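Accompanying notes for the structure given below.
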Amino acid sequence: MAKRLNDQNTVGDVLKHIIEVNKLQTGLNQIDVREAWKNLMGNGVNHYTKNVILKGSILYVELSSSVLREELSHGKSKIIAMINEELRRDVVRDVVLR
């Protein structure tokens with residue numbers, strides 16, 4: 001039987017319930033991480049970014065520049081911290097640059 005929500009629930013509570021019941025959080029995290037990458041990295045890095053995929057808590061970033069890949073590999077922990085701070089929750093635990 002479906003759980004009934006009482007009149008005291010806010011719209012936010014109802015949306016959280018819908019996301020939880022329909023298991024949508026993974027897809028929403030994927031979209032949020034892509035947007036965070038785009039916003040945080042700027043046009044220079046985004047120009048060389050081919051694909052950004054979140055699988056579990058690992059962020060896979062495909063880059064077309066080996067030089068940029070090497071430079072970003074030195075700042076993985078900073079990238080993780082910046083993305084998690086942007087999202088205001090711990091979503092990314094590791095970054096793999098390809």
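The C-beta contact set for region 8-32 (first residue within 27 Å of Met82 (Cβ to Cβ), second residue open to solvent by 50 Å² or more (accessible area, probe 1.4 Å) and at pLDDT below 85, distance under 6 angstrom, 6+ apart or interchain) comprises Ile19/Gln25. The set of residues in region 64-85 being in contact with a Phe, Trp or Tyr (Cβ under 9 Å, 6 or more places away or on another chain) and under 23 Å from Thr26 (Cα atoms) consists of Ile79, Ile83. Among the residues of this structure, Arg98 counts as one that is loosely packed, with under 12 Cβ neighbours inside 10 Å and touching a strand residue (DSSP E or B) at 6+ places or on another chain (Cβ under 6 Å). Among Gly56, Gly42, Gly75, Gly12, which is the only one that is at positive phi, more than 15 Å from the chain's Cα centre (by Cα) and open to solvent by less than 80 Å² (accessible area, probe 1.4 Å)? Of Gly56, Gly42, Gly75, Gly12, the one residue that is at positive phi, more than 15 Å from the chain's Cα centre (by Cα) and open to solvent by less than 80 Å² (accessible area, probe 1.4 Å) is Gly42. Residues of region 78-94 that are open to solvent by 80 Å² or more (accessible area, probe 1.4 Å) and either within 10 Å of the chain's Cα centre (by Cα) or among the small types (Gly, Ala, Ser) (or both): Glu86, Arg89, Asp90. Exactly one residue out of Asn39, Asn43 is polar (S, T, N, Q), closer than 22 Å to Arg88 by Cα and out of contact with any His (no Cβ under 7 Å at 6 or more places or on another chain), and it is Asn39.
The values are calculated or read from the model by the stated rules, or taken from the named source; none is laboratory data. It should be emphasised that the depicted structure is a prediction, and the values quoted were computed from it without experimental measurement. Positions of Cβ are backbone-derived with ideal geometry, glycine not excepted, and every protein chain shown enters the neighbour counts. Keep in mind that these areas ignore ligands, DNA and RNA; they rest on the heavy atoms of the full protein, side chains included. Shrake-Rupley method; radii C 1.70, N 1.55, O 1.52, S 1.80 Å.
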